[in-house]
Amino acid sequence: MTVGLVIVSHSAAIAGGVVELAGQMASEVTIVAAGGTDDDGIGTSFTRVGAAFESADSGDGVIVLCDLGSAVLTAETAWDFLADDARSRVRIVDAPLVEGAVTAAVAANIGGDLDAVEHAAETAWIRAEESVNSGASEAEPVVPTAIDVVTASTVLVNPSGLHARPAAEFVKLAAKFRAAVTVNGTDAKSLLRIMSLGLSVGTSVHLTAEGEDAAEAIPALVALIDSGFGE
Amino acid sequence: MALGTDWALDWLSRTAATIAVQRSHLNTLDREIGDGDHGENLDRGFTAVLTELASFDDDAVPSDVLKRTAMKLISTVGGASGPLLGTAYLKGAAAIVDLPELDGAALVAMLTAARDGVVLRGKAMVGDATMIDAWTPAVDAAARALAEGQSEAEILDAAATAAEEGALATEPIVARKGRASYLGERAIGHRDPGAQSSALLLREAANAAIA
């Protein structure tokens, strides 16, 4: 099992949409929508949120993401009413709803524990801030120096490029290696960073891996890109 | 005269009636600075409370009434005021648990715990233009009235009057919590609907005590 997610929104449509989007990249993860009032109006429902906490919890814990203020109040109130053991593994996280849900879902899908998934959701703020200060801080190009550095270049062949689903698969594979991996200078283990590169079909991709299993990481990642991600 | 379960039931049915009458005014206040559903949300919640109040045993104590009110508001209101007021009634109930009758000291303890519950949940302070701007002056005035040896009815009247003044005092300030905080200076000149509804329900506590 994996850490579960609950998406709390004033709108049932928003909660459902975020679940659909995040679920596309995380087939193993239970993601539950708790949007709207009991009669599907705009607002949040204590009953729906409480029920979502229960159905998302497989025993590995639950990360909860909320939209506007009173959604947080409803979630905190529902949290207060949980049994002690459940309360210890349900966490309400301050993260942007869409970006946080996507990154948390991917982190949970690759087997991250509660701390890892919480951290993944919180780092989504960093990405959101960087896109506001666009171009202000490009990552320094990685200069291969150590022995365990492996580089390779290939070209994206799948028609839709490195969009959401292929990017998630790529990040999932990269995260399996201990080596630090970059794609065109960007951290290959950060889904939002990879997606924000906007790499399209025919683009050259430069991979660098640095670390003890770099020699395994690069061929595996190149093979995945060259496979066209099944498209 | 100490106040019992009849008072608690009367308080809440009066509150439900007043909220129903004030529903569109509260919506209007909320439309100016928020999403315009405060009256509607509270009316839905207190209508559910009213149904709940019809089924109380004779041996119920005031804290039972407040606790069930809390659960109904939390589960039916839908907006921020559900968890906030629900927590107020829940913590208020905990402060007077199992007391069959409430004297002045118990009333002040109840109001203080209710206010502390709202602060805990909403993390607002006096001057943020929230319901706390009604609750905190009410608690302070009730404590003063108790210290002066006033009756239960006078304590609740002092609390209600201070809450009404506190609600009025949210008009000239910038909101720092909730949807209204997105408006910045444009929130100036508008009364906070949450402070207004809290003043209404505290007034009904006083009305029920003199009935």
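Where a number appears in this text, it was derived from the coordinates with a stated rule and is not lab data. Every value quoted in this text rests on a predicted model; they were computed, and no experiment measured them. Note: ideal-geometry Cβ built from the backbone for every residue, glycine included; neighbour counts use all protein chains shown.
Please give the contour-minus-distance gain from A:Asp113 to A:Asp148: 0.36 nm per residue of separation, less the Cα-Cα distance, rounded to one decimal in nm.
Additional length available on full extension: 9.8 nm.
Between B:Gln150 and B:Ile188, take the C-beta separation as r, use R0 = 25 Å, and let me know the FRET efficiency to the nearest 0.05.
That gives a FRET efficiency of 0.10.
Just to be sure I follow the rule: in the protein assembly as shown, considering lysines 8 or more places apart or on different chains, how many pairs have Cα atoms under 27 Å apart?
So the count of such lysine pairs works out to 11.
Among B:Thr130, B:Ala95, B:Ala167, whose Cα projects farthest towards the positive end of the dipole of region B:93-205, with charges put on the beta-carbon of Lys, Arg (+1) and Asp, Glu (-1)?
Of the candidates, B:Thr130 comes out farthest on the positive side.
In debye, nearest 20: dipole of chain B around its Cα centre with unit charges on the Cβ of K, R (+) and D, E (-)? Working shown, then result.
On the way: 18 positive and 30 negative charges, 179 e Å.
Computed about the Cα centre, the dipole is about 860 debye.
Could you state, as a whole-number percent, how many of the C-alpha pairs of region A:4-132 are farther apart than 23 Å?
23
Quick one: putting +1 on the C-beta of Lys and Arg, -1 on the C-beta of Asp and Glu, what dipole do you get for the protein assembly as shown around its Cα centre, in Debye to the nearest 20?
Rounded to the nearest 20 debye, it is 720 debye.
Using only Cα atoms, what is the ratio of the radius of gyration of the protein assembly as shown to 2.2 N^0.38 Å?
My calculation over the Cα atoms of the protein assembly as shown gives 1.22.
Going by alpha carbons, how many degrees (0 to 90, nearest 10) lie between the helix axis of A:164-174 and the longest principal axis of chain A?
Tilt relative to chain A: about 70 degrees.
How do A:Thr208, A:Thr203, A:Thr103 rank when sorted from fewest to most other Cβ atoms within 10 Å of their own Cβ?
A:Thr203, A:Thr208, A:Thr103
Report the residue, chosen from A:Phe170, A:Phe53, A:Phe81, that carries the largest GNM mean-square fluctuation when chain A is represented by alpha-carbon nodes joined by springs under 10 Å.
A:Phe81
What does the net charge come to around A:Val18 if you take all other residues with beta carbon closer than 11 Å to its beta carbon, with K and R at +1 and D and E at -1? Present the calculation step by step, with values, prior to reporting the outcome.
Values: positive: none; negative: A:Glu20, A:Asp67, A:Glu99.
Net charge in that neighbourhood comes out at -3.
In the protein assembly as shown, what % of DSSP beta bridges are antiparallel (nearest 5)? Don't skip to the end; give the middle numbers.
On the way: 14 of 29 bridges.
Antiparallel: roughly 50 percent of the beta bridges in the protein assembly as shown.
Per residue of region B:17-22, what does 6.51 cos²θ - 1.76 cosθ + 1.60 with θ = phi - 60° give for ³J(HN,Hα)? Whole Hz please, x for Gly and Pro, Karplus curve as stated.
5, 5, 4, 4, 5, 8
Only Cα pairs under 8 Å and at least 6 apart count here; give the relative contact order of chain A as a rounded whole percent.
Worked out over chain A, it gives 18 percent.
In peptide B:67-78, how many Cβ atoms from other protein chains are near each Cβ within 10 Å, on average?
If you average over the peptide's residues, the count of other-chain Cβ atoms is 4.
Using a cut-off of under 17 Å, list every residue of region B:80-122 whose amide N is near the label point 7 Å from the Cα of A:Asp94 along the Cα-to-beta-carbon line.
Within reach of a label on A:Asp94, which here means backbone N under 17 Å from a point 7 Å along Cα→Cβ, region B:80-122 contributes B:120-122.
Report ³J(HN,Hα) in whole Hz for each residue of region B:76-85, in order, from the Karplus equation J = 6.51 cos²θ - 1.76 cosθ + 1.60 where θ = phi - 60°; Gly and Pro get x.
10, 5, x, x, 4, 5, x, x, 5, 5
Tell me which of A:Gly230, A:Gly211, A:Val181 sits at the most positive position along the dipole axis of region A:149-230, charges placed on C-beta atoms (Lys, Arg +1; Asp, Glu -1).
A:Gly230
If amide hydrogens are placed 1.01 Å from N in the peptide plane, which non-local residues have theirs closer than 5 Å to the one on A:Val205?
Under 5 Å from the amide H of A:Val205: A:Thr154, A:Val155, A:Leu156.
What is the fewest-to-most order of A:Val149, A:Val3 by other Cβ atoms lying within 10 Å of their Cβ?
A:Val149, A:Val3
How many Cβ atoms of partner chains, on average, are near each residue of A:35-41 if near means within 10 Å of its Cβ?
Per-residue shielding by partner chains comes out at 3.
Short version: ³J(HN,Hα) in whole Hz for each residue of region A:211-216, in order, from phi by Karplus 6.51 cos²θ - 1.76 cosθ + 1.60 (θ = phi - 60°), x for Gly and Pro, what are they?
These are the phi-based 3J(HN,Hα) values: x, 4, 9, 4, 5, 8 Hz.
What does the charge count around B:Gly45 come to, taking other residues whose C-beta lies under 11 Å from its C-beta (Lys +1, Arg +1, Asp -1, Glu -1)?
With Lys, Arg at +1 and Asp, Glu at -1, the neighbours total -1.
Which of A:Glu216, A:Glu118, A:Glu54 moves most in a GNM of chain A, Cα contacts under 10 Å?
Highest fluctuation among the options: A:Glu216.
If each residue of separation counts as 0.36 nm, what is the full-extension length gain between B:Lys123 and B:Asp98 once their alpha-carbon separation is subtracted? Let's see the in-between values first.
Values: separation 25, 0.36 × 25 = 9.00 nm, distance 2.87 nm.
Here the answer is 6.1 nm.
Counting other C-beta atoms within 10 Å, which of A:Ile63, B:Ile96, B:Ile74 has the fewest, and how do the rest follow? Walk me through the numbers on the way to the answer.
Details: A:Ile63 31, B:Ile96 20, B:Ile74 27.
Going from least to most buried by this count: B:Ile96, B:Ile74, A:Ile63.
Where does chain A land on Rg(C-alpha)/(2.2 N^0.38 Å)?
Chain A yields a ratio of 1.09.
5 Å is the cut-off here: which amide hydrogens, built 1.01 Å from N in the peptide plane, fall below it relative to A:Val32, excluding neighbours closer than 5 in sequence?
Those qualifying (amide H under 5 Å, at least 5 residues apart or on another chain) are A:Leu5, A:Val6, A:Ile7.
How far apart, in nm, are two points set 7 Å out from the Cα along the Cα-to-Cβ line at B:Ile173 and at B:Arg31?
Calculated label separation equals 2.7 nm.
Full-extension gain between A:Asp187 and A:Ser27, please, as 0.36 nm times their residue separation minus the C-alpha to C-alpha distance.
This chain segment gains 55.3 nm when fully extended.
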